[in-house]
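The structure appears below as structure tokens.
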Amino acid sequence: MARRSTKTSGPQPPDDFEERILDIDVVDEMQGSFLEYAYSVIYSRALPDARDGLKPVHRRILYQAAEMGLRPDRGYVKCARVVGEVMGKLHPHGDGPIYDTLVRMAQPFSMRLPLIDGHGNFGSLGGDDPPAAMRYTESRLSAAAMLMVDSIDEDVVDFGPNYDGQEQEPGVLPAAFPNLLVNGASGIAVGMATNMPPHNLVEVVAAARHLIRHPTADLDDLMRHVPGPDLPTGGRIVGLGGVRDAYEKGRGTFRIRATATVESVTARRKGIVVTELPYNVGPERVIAKIKELVQSKKVQGIADLKDLTDRSHGLRLVIEIKNGFNPEAILQQLYKLTPMEETFGINNVALVDGQPLTLGLKELLQVYVDHRFEVVRRRSEFRRRKRQERLHLVDGLLVALIDIDRVIELIRSSDNSAQAKERLMETFSLSDIQASYILDTPLRRLTRFDRIELEAEQERLRAEIAELTKILDDDKLLRKVVSDELAAVSKKYGTPRRTVLLESADVPAAAVPLQVTDAPCTVLLSSTGLLARTSTGGPLPPEGGRAKHDLVVSSVAATVRGEVGAVTSTGRLLRINVVDLPALPETATAPNLAGGAPLSEFVSLESDERVVCLTTLSADSPGLALGTAQGVVKRVVPDYPANKDDLEVIALRDGDSIVGAVELRTGEEDLVFITDDAQLLRFQASMVRPQGRPAGGMAGIKLGDRQSVLSFTAVDPGADAVVVTVAAYSGDALFGAEHGTCKVTPFAEYPRKGRATGGVRCQRFLKGETTLRLAWAGPAPARGSDAKGQPVELPAPDPRRDGSGTPLAKHVEVVGGPPGTV
């Protein structure tokens with residue numbers, strides 16, 4: 001055996017020291033230490049309390065800010081000051097986490113009901129732009145945060161010592177609204193985590209009130225009030241099965257989809273406009289991912305990407321789509337490949353009586369409602385106690401005021417205040433507190449008016465004590481008070497739902513082809529200058545052809561990936577890509593052109609120039625027929641070079657302009673001129689020799705002095721057609737016809753004449769009428785509209801060729817017939 005050395009170094013233990021060594025298994029020690037650490041993280045840092053929905057750091061920030069007097073009606077203070085107070089008194093875990101928490105509570109895109117009113121740069125959606133340093137930003141409590149700390153000084157919650165025992169802090173806040181469900185929570189503890197989405201305040205309060213009234217309510221009853229989360233950034237929740245699982249079991253997943261619409265973003269292109277993104281997803285992240293997909297050619301058809309987000313309009317990402325690609329198909333690809341669609345996993349883990357539990361919707365509401373019952377009960381007890389104490393003092397003071405002279409004499413004859421107090425207690429049967437209060441009351445309070453005020457206060461205190469006693473004694477009344485307070489909060493702070501709930505995706509990704517197919521369609525031009533295309537091939541059906549608030553004045557058959565021409569009053573033909581036009585939905589009748597786009601987005605016109613008709617650019621067409629104001633007629637040979645977008649189809653004389661243009665379908669139509677002095681000339685189109693584009697045409701109708709052409713059309717001689725003329729009065733209107741007189745005549749009543757002749761009269765002028773204001777010839781039935789596209793009723797057909805018109809009830813601006821034939 002080795003001999004123990006007698007040499008020693010350092011201090012020696014005392015003589016009575018007894019060495020004691022414990023053998024501990026390292027595995028047991030690590031398990032125990034880790035469990036203590038885990039519980040500390042769970043309870044003191046990472047998980048929210050199910051009652052107020054706050055982690056300790058959130059609770060400490062709100063409480064300390066309230067103690068500092070940072071109410072909404074006071075000025076802002078530097079965030080560094082708030083962080084310093086919280087860290088120094090309550091939360092010794094570093095200023096970084098405290099400031100990060102404060103920032104998040106001030107972000108309207110993170111919290112459904114922000115608890116901090118921030119002033120300065122508090123970051124941007126998705127963390128793309130970090131917040132400014134705490135020395136630059138300022139903050140104060142929001143109005144909603146005042147609800148969280150309301151009545152905290154009325155003994156409604158328990159307080160405990162802070163980390164060093166020098167301060168007191170609340171273990172939970174009163175929480176006048178269900179903060180955990182409204183604002184959600186997220187946190188990672190040791191071995192567990194919580195992730196709860198925000199909800200709508202109005203819906204959550206409605207569910208809580210329903211649970212108060214019906215404690216046995218099941219999940220279906222509560223989900224009638226809370227159908228799903230309501231995220232601060234809006235968006236769309238796709239698939240509600242996971243939401244129900246989370247409400248039932250505490251865990252579930254759902255998909256959040258950006259809100260995007262397909263719009264015409266330029267004159268020739270459509271685009272995808274994103275106005276809402278999934279929760280916690282920022283625009284920079286989406287832009288970076290889209291650019292990566294475009295560069296790697298995983299997504300095709302995107303021409304440009306712009307971030308037009310500003311403070312006035314909010315989030316606005318514009319994704320321009322190349323012509324020929326289907327925006328709906330590209331949108332489905334973006335949902336699949338980019339953060340424009342994200343998955344949110346609900347994990348409702350919260351602390352209940354210090355224990356982490358996974359809670360469903362009913363359990364979360366029940367814990368909160370029970371907490372509010374306790375808060376209101378303790379508040380009522382506190383207020384009753386305070387009022388009873390005050391009533392005790394008022395009763396004693398009133399006793400003294402009844403015999404004030406004796407009281408004063410008794411006090412003056414006493415050797416000291418202690419003797420005076422004893423004598424008051426013996427003489428008037430007062431308590432020690434009442435006697436002390438009387439002695440402390442200044443003489444100026446002992447007047448007749450103060451006695452009246454004290455008696456009124458006495459009655460008020462007794463009534464309030466009785467009311468508070470009723471609340472404490474009657475559970476139903478207590479429940480009603482809690483329910484009414486929640487209703488008041490909901491009415492004052494509630495906002496409409498932002499997130500749309502969808503059972504499933506709008507359109508399956510495979511349902512829409514990526515590129516637009518070159519299918520037959522019809523291009524329409526309305527009287528108010530709207531262009532659109534329909535998916536129908538060929539002319540539109542004649543029945544029901546009129547749109548609700550517009551009139552189709554020109555239509556032409558085309559293909560989606562083809563081109564059409566727009567003939568203007570100055571003799572130009574402008575090319576328009578059909579794929580650029582907005583597509584209208586298929587209907588049994590003609591579409592409503594309210595979904596069309598203005599002409600100005602597709603063609604550039606001069607100030608005095610207008611589009612008179614649409615035409616195909618096919619070489620197989622019989623060509624265009626043009627009529628000018630000076631009576632010139634021309635049939636244009638359909639020879640349109642493909643490399644030119646702006647062509648001249650007639651060489652106009654000085655001062656002349658095109659009043660009408662029609663694409664001939666067979667070449668056997670009748671051409672019709674109507675002049676402003678009510679002369680109509682009808683002749684066959686075959687009498688006009690087709691000419692090349694540079695030609696100036698030939699004589700169409702013979703005009704008199706100061707006479708001009710008002711209308712030029714082409715009519716199928718075998719069709720049922722009419723002639724509509726509207727005469728205008730000069731000077732005062734006669735017979736109440738301030739809108740003019742109109743005549744509708746069957747087209748067959750007008751005989752054919754030779755080209756370049758004067759024609760026949762089509763309306764006889766009444767006294768005061770000097771000219772036609774409007775004229776048109778085309779297929780029946782004729783329809784009229786005013787300048788805004790509203791319908792105007794026309795008179796019944798009149799067989800008299802040169803008869804007079806019928807007064808109009810409204811001003812007619814445009815006349816047309818069934819689409820596809822005008």
Name the residues in segment 480-502 that are surrounded by 16 or more Cβ atoms within 10 Å (Cβ to Cβ), more than 21 Å from F373 (Cα to Cα) and of a type in the set (V, I, T), would you?
T499
Looking for whichever is modelled with pLDDT under 90 and within 59 Å of the chain's Cα centre (by Cα) here; the options are L393, L443, L454, L397. Which one fits?
L454
Criterion violated by L62 - all others in (1) without any contact (Cβ under 8 Å) to a residue 24 or more places away in the chain; (2) aliphatic (A, V, I, L, M); (3) out of contact with any Asp or Glu (no Cβ under 7 Å at 6 or more places or on another chain) satisfied:
(1)
Considering only segment 287-305, I want to know if a residue exists there that is at pLDDT below 95 and under 17 Å from the mean Cα position of the chain (by Cα).
no
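Being in the same structural domain as L617 (by TED's automatic domain parsing) and modelled with pLDDT under 90: is that true of D670 here?
For D670, the condition - in the same structural domain as L617 (by TED's automatic domain parsing) and modelled with pLDDT under 90 - is not met.
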Looking for something modelled with pLDDT of 95 or more, within 27 Å of the chain's Cα centre (by Cα) and β-branched (V, I, T) - is there at least one such residue anywhere in segment 95-116?
yes
Please give the strands (runs of 3 or more DSSP E) falling wholly within segment 292-374 in which 2 or more residues are touching a residue at least 40 places away in the same chain (Cβ under 8 Å) and not assigned by TED's automatic domain parsing to the domain that holds D474.
317-321, 341-347, 349-352, 355-358
Which pairs do you get when a residue that is among the hydrophobic types (A, V, I, L, M, F, W, C), found in segment 505-522, comes within reach of a residue that is at pLDDT below 75 and exposed (fewer than 14 other Cβ atoms within 10 Å of the Cβ), reach meaning Cβ atoms under 8 angstrom, with the pair 6+ apart or on two chains?
A519/G537; C521/G537
Is there any pair with a first residue in segment 465-491 that is of a type in the set (S, T, Y) and a second that is surrounded by 18 or more Cβ atoms within 10 Å (Cβ to Cβ) whose Cβ atoms are under 7 Å apart and which are 6 or more apart or on different chains, and what are they?
T469/R384; S483/R209; S483/I212; S490/L201; S490/V202; S490/V205
Part of a strand (DSSP E or B) and either in contact with a helix residue (DSSP H, G or I) (Cβ under 8 Å, 6 or more places away or on another chain) or within 19 Å of S124 (Cβ to Cβ) (or both): does that describe I287?
no
Provide a single number: the residues in segment 332-377 that are buried (at least 17 other Cβ atoms within 10 Å of the Cβ) and small (G, A, S).
2
Please go through segment 694-706 and give me each residue that is surrounded by fewer than 23 Cβ atoms within 10 Å (Cβ to Cβ) and over 57 Å from the mean Cα position of the chain (by Cα), ordered by number.
M698, A699, K702, L703, G704, D705, R706
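Is it the case that A185 is crowded, with 19+ Cβ neighbours inside 10 Å, small (G, A, S) and at pLDDT below 95?
So A185 passes the test.
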Taking segment 306-331 and the residues there that are within 23 Å of E284 (Cβ to Cβ) and aliphatic (A, V, I, L, M), the one that is surrounded by the most Cβ atoms within 10 Å (Cβ to Cβ) would be I319
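Yes/no matrix, rows are residues, columns are (1) modelled with pLDDT under 90; (2) under 24 Å from V612 (Cα atoms); (3) in contact with a Lys or Arg (Cβ under 6 Å, 6 or more places away or on another chain):
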position	(1), (2), (3)
V724	no, yes, no
S730	yes, no, no
L734	yes, no, no
K743	no, yes, no
E769	yes, no, no
A777	no, yes, no
P781	yes, yes, no
V792	yes, yes, yes
Take the residues of segment 630-648 that are of a type in the set (A, V, I, L, M) and in contact with a Phe, Trp or Tyr (Cβ under 9 Å, 6 or more places away or on another chain): which is modelled with the lowest pLDDT?
L647
Please state which one of E203, E169 is under 32 Å from the mean Cα position of the chain (by Cα) and buried (at least 17 other Cβ atoms within 10 Å of the Cβ).
E203
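The values are calculated or read from the model by the stated rules, or taken from the named source; none is laboratory data. In this text the structure is predicted, and so the values were computed from the model without any measurement. With ideal geometry, Cβ positions are generated from the backbone for all residues, glycine too; neighbour counts draw on all protein chains shown.
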